Amino acid sequence: MADPMRIRAQAAGDKTTVRVLMSHEMETGQRKDAAGKTIPAWFIQEVTAQHNGKTVLTAQWGPAVSKNPFMQFVVRGAKAGDKISVTWVDNRGEKRTDEATVA
Amino acid sequence: MKRILLAGALLAMATGAMAQARSAAEGIAEYRKMLEDGNPAELYEAKGEALWKQKRGPENASLEQCDLGKGAGVVKGVFVELPRWFGDTKKVEDLESRLVSCMAMLQGLDAAEIAKTPFGRGEQANVTALATWIASESRGMRFNLPQSHPKERLSYELGKRAFFYRGGSHDFACASCHAEDGKRIRLQDLPNLTKNPGDGVGFAAWPAYRVSNGQMWGMQLRLNDCFRQQRFPYPGFGSEVTIALGTYMGVNAKGAASIAPSIKR
């Protein structure tokens, strides 16, 4: 089970800034361990964000994204009290969804 | 008219040069500021808080009864008063070694086994996460280490000795890099640790998340790496000398505000 994300969503006017911190190794598949063996690739491939259940963002990620990635985006029309949920799926098929309330 | 233009051009050049001279340190400060917003240390804070409350180990107990210096279970403000003397273990302990003592006393985990575990693995990773969360509970508070117990004063004096002790293949001491103002290695400003180096600098900045390797580092690992850079033998985890160095830096940093857990390059 993957560790939880930290999601903060702050409304200002009609725009809400969402900041997401994900906990993931993001292994590129290019590195070798101490024994010289290649460390298999393991990274987030797909990210989706939903505002009150409606998808507002989808992204395809690759091995170039850093470990413990940080993502920020703006949702127009989200108000305080609305729900923002973020989901990632990695190349092993592991999945994690977390939700936050707009402040 | 021409003269005014020329003067203007000279002025522009002068400010340009000034901007360049400032840009190195300021550029790094700006970069840190941008990263602070999404400091992955937060992920470790969350993990540490959960570990504190979770029943674990052979005794199936949580750490909520752990005394970090301000009474059993008190977390707020303890970070800025460590290392300090503990009567139950009869030792001066820093945050990480104290956590291991609590894990042994309350949860029944093997302290010697944890001390032997490499940083970032198994229970050591848990110690780092716990230390990260506990440090975050004292963010913004000012360092004020106790020095009333004779062993605490002894620890300070031992730390001072270790700090100025030159040795190894490079004839190095901590003081070689950290005993003067305004020194740096490449673009890294080096804090002067013989006095209060300022808010959130040096001792007041660790545990920290290192962006360059994606690892969370506590003070024990920070010191371990200082020993490596000096080509000294590795000190044991929670050994007397590492705690003494912590006491030395912590007492010197009296009055400095803690920003830990911070983010480093």
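Computed quantities for the displayed model
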| item | result |
| --- | --- |
| Net dipole in debye of chain B [+1 Lys, Arg Cβ; -1 Asp, Glu Cβ; about Cα centre; nearest 20] | 860 |
| Links that overshoot a 23 Å alpha carbon limit, given the list B:33/B:76; B:160/B:254; A:95/B:55; B:55/B:90; B:91/B:116 | B:33/B:76; A:95/B:55; B:55/B:90 |
| Whole-Å distance, taken between Cα centres, linking region B:215-237 and region B:85-136 | 16 |
| Cβ crowding within 10 Å averaged over residues, with A:7-18, A:31-42 ranked highest first | A:7-18, A:31-42 |
| J(HN,Hα) series, region B:204-221, from Karplus relation 6.51 cos²θ - 1.76 cosθ + 1.60, nearest Hz, glycine and proline x | 7, 10, 10, x, 9, 8, 9, 5, 5, 10, x, 10, 8, 10, x, 4, 4, 6 |
| No Cys partner within the rule (Cβ under 4.7 Å), chain B | B:174, B:177, B:226 |
| Protection proxy ranking, peptides B:181-190, A:86-95, average beta carbon neighbours within 10 Å, highest first | A:86-95, B:181-190 |
| Distance from region B:149-163 to region A:16-75 (C-alpha centre basis), Å | 46 |
| Charge dipole magnitude, Cβ of K and R +1, D and E -1 - region A:6-101, Cα centre, debye nearest 20 | 160 |
| Among A:50, A:72, A:30: highest mean-square fluctuation, GNM of chain A, C-alpha pairs under 10 Å | A:30 |
| Hydrodynamic radius by Kirkwood, which averages 1/r over all alpha carbon pairs of region A:6-101, in angstrom | 14.4 |
| Among A:9, B:173, A:45 the positive-end extreme of the charge dipole of the protein assembly as shown (Cβ point charges) | B:173 |
| Global size of the protein assembly as shown as Cα Rg and Dmax, reported in angstrom | 23.6, 86 |
| Kirkwood hydrodynamic radius over Cα pairs of region B:41-264, then Stokes diffusion coefficient at 10 °C and 1.306 mPa s, in µm²/s | 91 |
| Computed log₁₀ I(q)/I(0) - Debye formula, equal Cα scatterers, no solvent, region B:128-181, q 0.25, 0.29 Å⁻¹ | -0.92, -0.97 |
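Only the coordinates and a few stated rules stand behind these numbers; no lab work does. Since the structure is predicted, the reported quantities are computational estimates derived from the model, not experimental observations. Cβ sites come from the backbone with ideal geometry, for glycine too, and all protein chains shown count toward neighbours.
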